[in-house]
Every structure is written in structure tokens, then in C-alpha cells.
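Asker: Below is a structure I'd like to ask you about.
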Amino acid sequence: SQKIEQNSEALNIQEGKTATLTCNYTNYSPAYLQWYRQDPGRGPVFLLLIRENEKEKRKERLKVTFDTTLKQSLFHITASQPADSATYLCALYTGGFKTIFGAGTRLFVKA
Amino acid sequence: NAGVTQTPKFQVLKTGQSMTLQCAQDMNHEYMSWYRQDPGMGLRLIHYSVGAGITDQGEVPNGYNVSRSTTEDFPLRLLSAAPSQTSVYFCASSPRATQSGYGYTFGSGTRLTVV
């Protein structure tokens, strides 16, 4: 079955550093991959979408890479701030009008 | 522009009771879906709809029913609540069913406890 793996351990970094989160998937070749941010008690918020034919996508301080050979996406936040502290979810469009989500990685940015 | 509105925000049910979780969007989105989120697990798809009058099952549909009589509304019905249905439920919408180039807009969730 299709599976998405995100690091279940929280990531702790210092303000100003670059945070890098990993999303690995198996048994599928998704047409596109998405990243969401989720704050406690809130719904996920869409951040970025990257297609299978795109290697990299940027939006302000965010950068996403997509390696279909490794079946991996990396999500980077540069110049991180305490306000970036949240859980970040990876999601794959699997076709058939369905999207599957990873369990997310919690990011803590310390001032 | 309200986006996706879910009601209620919190609900406690007794085992065997039924209820309907409401979801409405005002963005004229074609696609709507329901997910449940449990600790340590990713969001799991319950049911989805690609347009008014069209619904289909997701990964974990048992115990739930949906209907889509209008573009705006997509209610989720729990037929006979069980403790295993204790979870946080999210409704999400997207402009197009194929999601090409679009992410989901999520509601704020309904926290359901079944005792």
C-alpha cells in the first residue's frame, strides 16, 4: 500500500537557522506533492505544491525539492523564526481524486 | 470570504448515538472531502465528492455516510457512534477534483468524543 513517512521526532532549531524536513514515500509515483502547516487546534494550511517534473519550488523563505528517483521531498525554511513553530504535513495526490497525508513533523524554533 | 466552515467545534456522543457534522464552503469549489486525524497518524480520507450529487468512499468509510445535494454543503453522518470514532474531523475543499495546481482549504475541525 502507499505509505508516507515523515520524521516523527520533533525538530528543534535555533532562530535564524535553516530547518529541513523530510518526506519519504513508497509504492507510488505521485503526480504532485504538497506541504501544509498545522498549528495546534487548527486545520492544516496549504503552503506549496510541486509537480513530478519540477525539481524545486520556492515561496518566500520556503523551498521544496522533489526527487522522484529517491521518492523523497525536502522542505526547507530559511532564516527560521519562532513563529514558524508548527507541525508540517506532507501530502501526495495518488490519483482517483484522493490525497494521502503523512503524520507530520513538529518543528520548534527557539529564540 | 469565510472559506470552509465546520460545525460544531466540539461534540460528545454516547455509544450508539447518531449525529451529523456540518461542512460548508463559499468558494464554489468542485471538490470536497472529509478526513479524520488521530494522534501519531496522518489524516485519513473518509469520503469525498467531486461535485453535487457525486460521492465516493475513501480509506476509512465504515460507519459514516455523506451526501452532496449542493456545491456548498457536504455533511458527514455518523450512523451509530462507536468509541473508535473518537477523533478530530476535518472537512477540506479544492477548486478542481483533480487538484491540479491547487491545495486543499481546510476547515477548523470538529473534535468528537464518543463515550
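Just so it is clear, none of the values below were taken in a lab; they were calculated from the coordinates. Just so you know, these numbers come straight off a predicted model, no measurement behind them. Every residue, glycine among them, receives a Cβ derived from its backbone with ideal geometry; neighbour counts consider all protein chains shown.
Asker: So the check is Cβ under 6 Å with 6+ separation or different chains; which pairs have a first residue in the range B:70-89 that's without any contact (Cβ under 8 Å) to a residue 60 or more places away in the chain and within 29 Å of A:D39 (Cβ to Cβ) and a second one that's surrounded by fewer than 17 Cβ atoms within 10 Å (Cβ to Cβ) and charged (D, E, K, R)?
Answerer: B:S87/B:D38; B:V88/B:R111
Asker: What pairs can you find where one residue is in the range B:36-55 and over 13 Å from A:T99 (Cβ atoms) and more than 10 Å from every other protein chain (Cβ to nearest Cβ), the other is among the polar types (S, T, N, Q) and buried (at least 22 other Cβ atoms within 10 Å of the Cβ), and their Cβ atoms are less than 6 Å apart, with a gap of 6+ or different chains?
Answerer: Partner pairs satisfying both residue conditions: B:T55/B:S49.
Asker: Just to be sure, is A:S80 touching a Lys or Arg at 6+ places or on another chain (Cβ under 9 Å) and within 20 Å of B:M41 (Cα to Cα)?
Answerer: no
Asker: Among the numbered conditions (1) more than 12 Å from chain B (Cβ to nearest Cβ); (2) closer than 23 Å to B:G107 by Cβ, tell me where A:W35 comes up short.
Answerer: It fails just one condition, (1).
Asker: How many residues are more than 13 Å from the chain's Cα centre (by Cα) and surrounded by fewer than 17 Cβ atoms within 10 Å (Cβ to Cβ) if we restrict to the range A:72-93?
Answerer: 5
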